[in-house]
1. Sort 95, 154 by Cβ crowding within 10 Å, fewest neighbours at the top.
2. Compute the angle between helix 314-323 and the longest alpha-carbon principal axis of the chain, please, reported from 0 to 90 degrees and rounded to the nearest 10.
3. Highest mean first, how do 305-311, 28-34 rank when packing is the count of other Cβ atoms within 10 Å averaged over residues?
4. To check you understand DSSP bridge types, tell me what percent of the beta bridges within the chain (both residues inside) are antiparallel, rounded to 5.
5. Using only Cα atoms, tell me the angle between helix 368-382 and the longest principal axis of the chain; keep it within 0 to 90° and round to the nearest 10.
6. Report, to the nearest 10°, how far helix 122-134 tilts away from the longest principal axis of the Cα atoms in the chain, using its own Cα long axis and a range of 0 to 90°.
7. List 236, 181 from most exposed to least, where exposure is judged by having the fewest other Cβ atoms within 10 Å.
8. Of (i) 29, 28, 21; (ii) 39, 24, 21; (iii) 38, 28, 18, which is the value of semi-axes √(5λ) of the Cα gyration tensor in Å derived from the coordinates here?
């Protein structure tokens, strides 16, 4: 049951001053939201909260994860069924993806939303956007596909099929402007998410809850998808033997059970696993090993020095290397336009290099203070929070008009 369904009825009232009846329309507004990744789930959940704060008579149907379900109940499809990464992985799961697209179209038609809100997840969402536009359904895209990094020709499709584009990175507005497309910069929603965490009064004591000892913590963030964790976590774990003065904590992916991590932990001493407490972990971490993606920016917002680790299948990597048009893979470096955090990519992502780079960012080491200064500059560029509230206002403008 989605919130807002109570209001989905037509009420009557009597105007006794002139003796006539007037009809009051309490019809609910309906939004269909689609995301397929952990970061999108977080941002979409905060968007939903902000929408309901501004207009409680909104009903949602969505594809997403646990953060969204905490707002409005069960999803149509959970992100654990949707997250495929890399060219080979997508091809291997193509039948599932095409089946999901077909089902999604039918479900949207049945629900009859006032607008479609697409959150990142471009391979799937751009197909749905093109179809929805042909059906006359308003399309709002929140968090732009990274077309500035690769496949820039997609901007022409976006211009045709998206009615409102809400971007979260400062340089995206300028990028779209080069193609004559008006977009709305709302700010980065992670600023809000981190601020909400810091304002909490009931933070988890990870040391007590997970029986950690008094040594400082190094966080391991190996990603949210099975295939990227299978590739990167073993390499991370193989780099830790030189750091006996520290303890290591893995941030488990919300959509994956603890049993998935057991084979990795079986032969790893001094390593703990947590679930659903990534921000609690980053708030106490001294340093972090982080896979590429949103987590690199989250780590920076907690001012935790980090090493970015990325390794994919050989075929996926070589295809991506030919297509990608930017110099960096982490959001921190892309926004700062320099290598503020070290990126260990593909063959460079090995235990020896990780150990070497991790030593350089620990307290008192060469790069520790320099990285903290770069993080301060990053905050200046990102500006103030409020992205979810601004995005909610833009969404409501579309469905009200």
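Since every read-out is calculated from the coordinates, none of them should be taken as a lab result. Worth saying up front: this structure is predicted, and the values here are computed from it rather than measured. As a convention, Cβ positions derive from the backbone with ideal geometry for all residues, glycine included, and neighbour counts pool all protein chains shown.
1. 95, 154
2. Approximately 60 degrees, to the nearest 10.
3. Going from most to least packed, we get 305-311, 28-34.
4. 10 percent
5. Helix 368-382 and the main axis of the chain meet at about 10 degrees.
6. 10 degrees
7. Ordered by Cβ neighbours within 10 Å, fewest first: 181, 236.
8. This structure yields the entry labelled (ii).
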